[in-house]
Every structure is written in structure tokens, then in C-alpha cells.
């Protein structure tokens, strides 16, 4: 009997990060969680509007929170939490939620502007999938593993928005361990890098790609020097800067070795024996040669 | 003259008394305006007569198609005979259906705030915000279906705070949908083949040989 | 360089509010708390690319000087919040950077123009990159 939770994909999860979505839905199901997509949703805005007088940029995220309350009302989900995968969506939705819960004036204005929607009742809690997995317990994860990722050395990379600002960190923002625990539970070996929570360059990649390349390069180099086979992460923009752009970075630093970049849900899918739902064919650099060489793809089992 | 009820309307700020049973367009012409732009099919289909108005006593800004909307007492009206926009040039044959095509040709779509102002400005009651959002996430089918009845009147574009032109997005979505997702129409292909096989040659030749009067008679007796 | 924007002293159109007070209002931060420890600058991953260090930006605004509005710093910032978690006085410096950006953006200054972006590249980027970039950089 699956526990149904409202799931907010975000635009990128439907296109560039489709592998994240496929593997998340499959691995969550294996853990007894059914991710029910919001039947009607819009872009959350990707970044929180930090100006304290802002009301307009709250419309998009709060509209999605209203949808969750509607889902609850229609009995489509079993509880009031909203699960996100993309770190940017987690941060934006969570901060918008906090912003309307703390500021009644803003909430009133939003209710006025969004007159065509029912008012937001403030009953939603925004969480990230990693938090749910931790809540289930690492023992539960270990139980579900059919193919331990033995011999795989993985460097967890958190990015910024799951841990900062302080108020919404899903783990200790100075020294997070949630991803490390997950990697270990899946049977792989953890490679901790000093810059595991240092910015990859984020949106600067659009018009100042050399700045993003510089930051991403440092992270990749640390992973390489730490002996990692691959990096795991939770954000499609980090994946783009560290993965898609890796070839361009290697152009500037030819000694950088090829380092596949996988979403943590893809590792879970792989370890749970759900290879077909891991979406590995979409990753760039292609992780399959590496995984095959470690005997982690194809026939062999426990 | 209809001899019926008269109402007061304000056309571009000037007050007029017009019969109540007229559309905005007819009321403007009754008042003496000659519409060279801002009038087209007069049937609610071409999108030329985009009109915005307020009712005296209300702050609400409302929208209408002048050829469809009846006048009401206290209407303060103006037409928007042209909405500035630039359709990007693309070769449909070279495009791939997905979110990236919208970011490539209309990157301003990324500025959408999901404020729903476009939806509220649509005289056809379309779910404009929803089709723009669908395009942004690459859901061409939904974008095409929701924008199907769009007549490109431009009222959404004029109101959008992010300066997006939604009807261009819808148009591209529909083109991609029919070219790549739905595929060529069976009926059209069959008919084209029939034409090529000469099935209609005889009839066309016969029609070509007729004189104007006979043609006129045939036309009025058609169907 | 901030093209097209005059280097006149900052004018808000609001009579009795100083530049410092306006930044505090928009950012929701008490700038008097900053005692120039430099923790933000040392933690900032992009400080080496900036012309004014984050701690220097804080000092200038405390003194009512609007130089940061015309710096590269506020546009290089990637809003990673490293400064916010490090500040021993609990100041959200990232919000101060945003307030400074907003003061420029709200005057119709755009750091990024769509015409200067390569359309092919735009087609390859994940939507979240383009959306967040334009939100931070475009009026």
C-alpha cells in the first residue's frame, strides 16, 4: 500500500532532467512512496525574490501550494506535504511558503490578486525527496537494495539551495551527511570533497559561462583527486554545469578525467535493481561504460 | 431608427448617446467613426477589433471584441487597432518539438510570472497562462489544444507584465503539434492522390467551359 | 561597466530616505550590525572575480556611498548564500546584494540583454538556468 504524496516536477524535470524524474518515481515507488504529480502546475519562478517588498513573485509558487491543498481536498494524496526534486524549486517553494505564513499583509494581497483561486490556507509543507528517504530510515533503504553498488566511489555534491539560507537547510549546513548516508546505504563508497556544498556557478552559466566553468572545475578536480568514480547530486542546474559542460571544461583543463554525474535517484534505482528506470541513457557524460566496468549493469546480482 | 432604448458611452473620452441594441463596433459607427483599422470579419474570428473598456464606477479594466460585445450604459471605450509584436522567423521543417525551441526563438517566455493576467485579458476565455506554461515545459500537445481558439487579437500581449506575446507561443505550438505530433491528415493525403489520379479533371473542364450566367445559377443552387 | 546609467548620486524620488535606509528596507537587514569581520568575503566562491569584496560593499553602504550600484560585484554574485550562513551577526548579505541589484533593475537597467545571448545555446540550457538568470539580471 503506497503512501501518496503531492509531487512538484518543475519545468526542467520534464525535459533536460527527465532522467531525474523517471528514476525518482521508480525508486520512490520501491520504497512505498507514490509521487502524484500536481494535475495543474506552473513554473515556480526558480529563485526566491529576496526584496522584502515583493508580492508579485510570490504568485507563481503560492499558486502551486494552492493546487496541493486542492489535491488534498480531492483525496488524490494522503497528506499535506509537497515533494520536490529540483533544489531550486525546493528553495523557492519553501521560501515563498514561509514568506506568506510569516507576513499576513502579503498573504492578504496575494489573496486579492489571485482572486480566481481559493485562498491559500497555509496547510502545505514543502520537503525535498532526500528528507523523505531519511525519514523512512537508512535501514529501510538497505533492505530494498538488490544490487549493492560495491566498488563504486561516489562524491556527493549538495549544491547551495538545499542547505542555505540557514532557515530551510535539510541537514546541518556546515557539515551535511544526508547524501553520504544514502550512498553508503546503497553499498557504495563515499568520497568527501571539501567543496561538496560550494556553488557550481548556477545561473551565471547563461551569460558568463567561464565563471561557472571556473567554479565547476574546482569541484570536479576535487572529486577526481579524491579518487571518485562519479559525482551524485540533486539539482538539474548543477548537473548541467558539472555534467553537460564537462567537456568544455576539459577543453581548458585536459588532465581532468571523465567523471559521470548522476542524480541520487538514479543511484537508488540502480541499487534497487530497477536499471531500466534509471534513465542512464540521458546522462552526459555517459555513465554506462564506467558502471559496466564495475559490473553494476546487466546480469550480475548480489 | 430602432426607436428603442438609448445608452451613454464614452468613445476615447467623448460622450455619445447610442442605441442599446448595438455592438461596440456598430455603436462607434453610429457615432460617426469610420473604422479603417480595428475592424475585420465582424464575426468574432479575425481578432482585428480588440477593445478595452471600463465601466463607470468600477476600477476593473475589461476586454472585448468590438464586433461581438453589446454596449452598456457607462462604458468607457477605446480600441487597440494594432498590438506591436514581432513574429520570429523559423523554418518549421528544421525545428524539434520541445521546450528548447521556445527558449531559442522566444526566450522571453522564461520571464513568465504565472500571474494569470493574460488569461483574464482573453476575450475568448482561453487558459492563456496554462498554454504558455505548457510550452515552457515542452508539453506541445497541451499548448496546442488550449490555444486552439486563439484569434491573435493581442490583448494578452498588451497586458503581460513580462512582455511576452502569448499568441506567438500558441501559434508555434500548434504548428509544431500538427507537423510533428499529429502528422499529416489522412483525408488531405487521400484527396491529393485522387486529384493527381485525375478523378476531378472532367468536372473541372466542364466548369471551365460554362458561361458566366450558367455559373452564377449553378452557384446559387449549390448544396 | 554599467552602461547607460548616470553616475549621479542616488535619487529615489522619496524625499526623506537615505540610500542606506533604502537598502535596509529592501533587504530587511540591519546594516549597523556589520563589524567588518570579513567572513563573508572569505567564504564567497566568487570573491576573486569581484571588484568590491562583499564586506567592502557592506562598509560602503553603511557609509551611505552608492558605489556598489555601479560595481561588477552585485552582478557576479550567484546568490549561493554562503555569506548568509557565515555571518557571525546573522546578516543576510545575499539579500543586501539583491537589494542593490533591485535598485538598478527597477530603474530599467538590465545587465543581460536577450539579443546578446546565442539562440542555439538558449535552446540547450535547462529552463531553470534561463529563468533564474533573467530574474536576477534583467529589468
Worksheet item: What is the mean number of Cβ atoms from other protein chains located within 10 Å of the Cβ atom of each residue in peptide A:205-215, rounded to a whole number?
Response: 6
Worksheet item: Which angle between 0 and 90 degrees, to the nearest 10, do you get for helix A:104-113 versus the longest principal axis of chain A when only C-alpha atoms count?
Response: 80
Worksheet item: Extent of region C:1-108 along each principal axis, from alpha carbon coordinates, in Å, largest to smallest?
Response: 35, 28, 19
Item to complete: Quick one: among A:191, A:83, A:133, which has the greatest mean-square fluctuation in a GNM of chain A with alpha-carbon springs under 10 angstrom?
Response: A:133
Worksheet, complete the sentence: Taking a crude spin-label model, label points 7 Å out from Cα along the C-beta direction, the residue A:109 to residue C:89 distance in nm is 2.8
Item to complete: Relative to the longest principal axis of the C-alpha atoms of chain A, give the angle of the C-alpha long axis of helix A:209-225, reported between 0 and 90° and rounded to the nearest 10°.
Response: 50
Fill in: Between helix C:93-105 and chain C: long-axis angle, C-alpha atoms, 0 to 90°, nearest 10
60
Discussion item. Using a Förster radius of 25 Å, what is the FRET efficiency between residue B:220 and residue B:46 based on their Cβ-Cβ separation? Nearest 0.05, please.
Written reply: 0.40
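Please list A:148-161, A:245-258, B:104-117 highest first by mean number of surrounding beta-carbon atoms within 10 Å per residue.
Result, highest mean first: A:148-161, B:104-117, A:245-258.
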Item to complete: Describe numerically, in nm with one decimal, the distance between label points set 7 Å from Cα along Cα→Cβ at residue B:12 and at residue A:143.
Response: 7.7
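Among A:112, B:211, rank each residue by its count of other Cβ atoms within 10 Å, from fewest to most, as a rough exposure measure.
Taking fewest neighbouring Cβ atoms as first place, the list is B:211, A:112.
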Discussion item. If packing is taken as the average count of other Cβ atoms within 10 Å, what order do A:60-71, B:145-156, C:64-75, B:13-24 fall into, highest mean first?
Written reply: A:60-71, B:145-156, C:64-75, B:13-24
Worksheet item: PRE reach from residue A:257 (point 7 Å along Cα→Cβ): which of region A:267-300 fall under 18 Å by backbone N?
Response: A:285-296
Worksheet item: Based on the inverse mean of 1/r over its pairs of different Cα atoms, what is the Kirkwood hydrodynamic radius of region B:92-182, in Å?
Response: 12.6
Worksheet item: Which three lengths, in whole Å and largest first, does region A:146-293 cover when its Cα atoms are put on their principal axes?
Response: 43, 38, 26
Fill in: Contact order relative to length of region A:3-129, as percent, for alpha carbon pairs under 8 angstrom and 6 or more apart
31
Response to the item:
For residue B:141 and residue B:211, extending 7 Å from Cα along the Cα-Cβ vector and measuring point to point gives, in nm, a value of 5.9
Worksheet item: What is the order of B:92, A:31, B:103, B:176, fewest Cβ neighbours within 10 Å to most?
Response: B:92, A:31, B:176, B:103
Practice prompt. Would you look at the GNM of chain C, springs on alpha carbons closer than 10 Å, and say which of C:102, C:29, C:127 moves the most?
Written response: C:127
Worksheet item: If you take the beta carbon distance between residue B:37 and residue B:171 as r and set R0 to 22 Å, what does 1/(1 + (r/R0)^6) give as a FRET efficiency, to the nearest 0.05?
Response: 0.55
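Given 0.36 nm per residue, what is the gain on full extension from residue C:17 to residue C:124 after removing their alpha carbon distance, in nm?
The residue C:17-residue C:124 span can extend by a further 34.1 nm.
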Item to complete: Report, as an integer, the average count of C-beta atoms from other chains found within 10 Å of each Cβ along A:48-59.
Response: 5
Fill in: Mean projected area in nm² (Cα convex hull; one quarter of hull surface) for the protein assembly as shown
40.0
Discussion item. If R₀ is 60 angstrom, what is the calculated FRET efficiency for the pair residue A:175 and residue B:29, using the beta carbon separation as r and rounding to 0.05?
Written reply: 0.20
Discussion item. Which residues does the label zone of residue B:92 cover in region B:185-223, counting backbone N under 14 Å from a point 7 Å along Cα→Cβ?
Written reply: B:185
Practice prompt. Would you look at the GNM of chain A, springs on alpha carbons closer than 10 Å, and say which of A:232, A:15, A:92 moves the most?
Written response: A:15
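Arranged by the count of other C-beta atoms within 10 angstrom, fewest first, what order do C:31, A:129 take?
Details: C:31 18, A:129 25.
Starting with the residue having the fewest Cβ neighbours, the order is C:31, A:129.
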Worksheet item: How many Cβ atoms of partner chains, on average, are near each residue of C:78-90 if near means within 10 Å of its Cβ?
Response: 6
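Computed from the coordinates by the stated procedures, all read-outs in this text should not be read as laboratory data. The structure displayed is predicted, hence computed values, not measured ones. Cβ coordinates were reconstructed from backbone atoms using ideal geometry, including for glycine residues, and neighbour counts include every protein chain displayed.
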